[in-house]
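S.K.: I have a structure I would like to understand better, so I am pasting it below and will then ask my questions one at a time.
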């Protein structure tokens, strides 16, 4: 196993540790199509990828969202649309802080096996804007007082 794959496996174990769910249980990894994704299978598919993208989505009003899993899948569909390519990704929702949040890992290749490049500006701002739009769709716009 390459160093990058080892790091990915360690990261996933950390994300799935005890105490991250509402009831203190271990986290559950999921994907675009499965409510239970296998972390080892994801790491195996990632073997040889030049990189892995990992980020956290922490909507300010995340606790008010009806379902973080549905929200994350909607967000990742939008990311795929923006980048005009499907993504191989897994995620886990955490409720172990005052703000529910989701950890997402994306493989470093596209569906054709080519090196995946995500612009820094899109990672820093574009995904955040898409997430904000989805929160607004579900919860409505912020009032002046909330701002």
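S.K.: Among the residues of region 94-121, which ones are in contact with a helix residue (DSSP H, G or I) (Cβ under 9 Å, 6 or more places away or on another chain), closer than 21 Å to residue 83 by Cα and at pLDDT 90 or above?
M.R.: Listed by number, the residues that qualify are 102, 103, 104, 105, 106, 107, 108, 109, 116, 118, 119.
S.K.: For region 58-89, which positions are in contact with a strand residue (DSSP E or B) (Cβ under 7 Å, 6 or more places away or on another chain) and in a loop (DSSP other than H, G, I, E, B)?
M.R.: The answer is 58, 87, 88.
S.K.: Could I ask something else about it? From the list 92, 117, which residue is assigned to a loop (DSSP other than H, G, I, E, B) and closer than 19 Å to residue 8 by Cα?
M.R.: Exactly one of 92, 117 is assigned to a loop (DSSP other than H, G, I, E, B) and closer than 19 Å to residue 8 by Cα, namely 117.
S.K.: Where the second residue is surrounded by 12 or more Cβ atoms within 10 Å (Cβ to Cβ) and at pLDDT below 90 and the first is within 16 Å of residue 100 (Cα to Cα) and lies in region 10-24, which pairs have Cβ atoms under 6 Å and are six or more apart or on separate chains?
M.R.: So the pair list comes out as 19/96; 20/96.
S.K.: Same structure again: So if I check each of 135, 43, which one is modelled with pLDDT of 90 or more, part of a helix (DSSP H, G or I) and buried (at least 17 other Cβ atoms within 10 Å of the Cβ)?
M.R.: 43
S.K.: Select, from 106, 118, the only residue that is closer than 24 Å to residue 5 by Cα, surrounded by 14 or more Cβ atoms within 10 Å (Cβ to Cβ) and more than 14 Å from the chain's Cα centre (by Cα).
M.R.: Residue meeting the stated conditions: 118.
The values are calculated or read from the model by the stated rules, or taken from the named source; none is laboratory data. This is a predicted model, so every value here is computed, not measured. Here the Cβ is made from the backbone with ideal geometry for all residues, glycine too, and neighbour counts use every protein chain on show.
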